[in-house]
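Here is the structure we will look at, set down as structure tokens.
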Amino acid sequence: MGTKFVRVRKDGRGNITHLLTNDGRVVSIDEARTMAQNGEVDSLSDVHADGTWEIRDAAGSTEYAEGNNLDQLPEF
């Protein structure tokens, strides 16, 4: 089982700057993005500061889904 993001920290413009993981780690949005791209995050293949995310079907696949609800996670 991979990491899950459970809370967010935002800047004054509403962009996500940090995420809290299910194991208590605080990671920057850049670290979270790298983790997602490396397959370390459950289901997500990319995350963005505006709260959007992507899920790739399989490695190397051009099929993907996207959403925009990370910014709706509780803040910390």
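Here is the figure for segment 34-54: residues that are surrounded by 18 or more Cβ atoms within 10 Å (Cβ to Cβ) and not polar (S, T, N, Q) total 9.
In this structure, Ser28 does satisfy being surrounded by 12 or more Cβ atoms within 10 Å (Cβ to Cβ) and at pLDDT 90 or above. When residues of segment 11-42 are filtered for being over 14 Å from Glu75 (Cα atoms) and in contact (Cβ under 8 Å) with a residue 40 or more places away in the chain, how many remain? Of the residues in that region, 1 qualify.
The values are calculated or read from the model by the stated rules, or taken from the named source; none is laboratory data. Please read all numbers here as calculations on a predicted model, not as lab measurements. Every residue, glycine among them, receives a Cβ derived from its backbone with ideal geometry; neighbour counts consider all protein chains shown.
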